[in-house]
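In what follows, a structure is listed as structure tokens, so that the remarks can point back to it.
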């Protein structure tokens, strides 16, 4: 059984190539009625899955340097992967280098367990995340 992000083609090193982005591509942007994939915020090339070491890295590119929703987008990606992947996977979420004015702060926030847990205790944030993760009709 696959991880959902697991590569379809084995390259022999546990990394492979395949539909790595299928779980995150349909997440809706918090400010626009488009998916993160449609807005080029996430792409399959920016998702690295290493099945052997149980590690996933997702690098996303906010639409603007001062995107106020970058942490929400990252949180949406993290929650979606937490729901889809087996618990053995460590997930790192990062903004693409040079793509956000507060890159270091956003990366730190998105990869700190305590900060993520605190964010997921905020009903307003949870509601926003759930809206972004809802299956889109059409």
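One equal scatterer on each Cα of the range 46-95, no solvent, Debye formula: the resulting log10 I(q)/I(0) at q = 0.17, 0.27, 0.29, 0.30 Å⁻¹ is -0.51, -1.02, -1.12, -1.17. With both labels modelled 7 Å from their Cα along Cα-to-Cβ, the residue 121 to residue 40 distance reads 4.0 nm.
Over the range 14-138, the Kirkwood radius and the radius of gyration, each from Cα atoms, give a ratio Rg/Rh of 0.93.
Taken together, the values in this text are just the output of simple stated rules run on the coordinates, not laboratory data. Remember, it's a predicted structure, so these values are computed and weren't measured experimentally. Every residue, glycine as well, gets a Cβ built from its backbone with ideal geometry; the counts of neighbours run over all protein chains shown.
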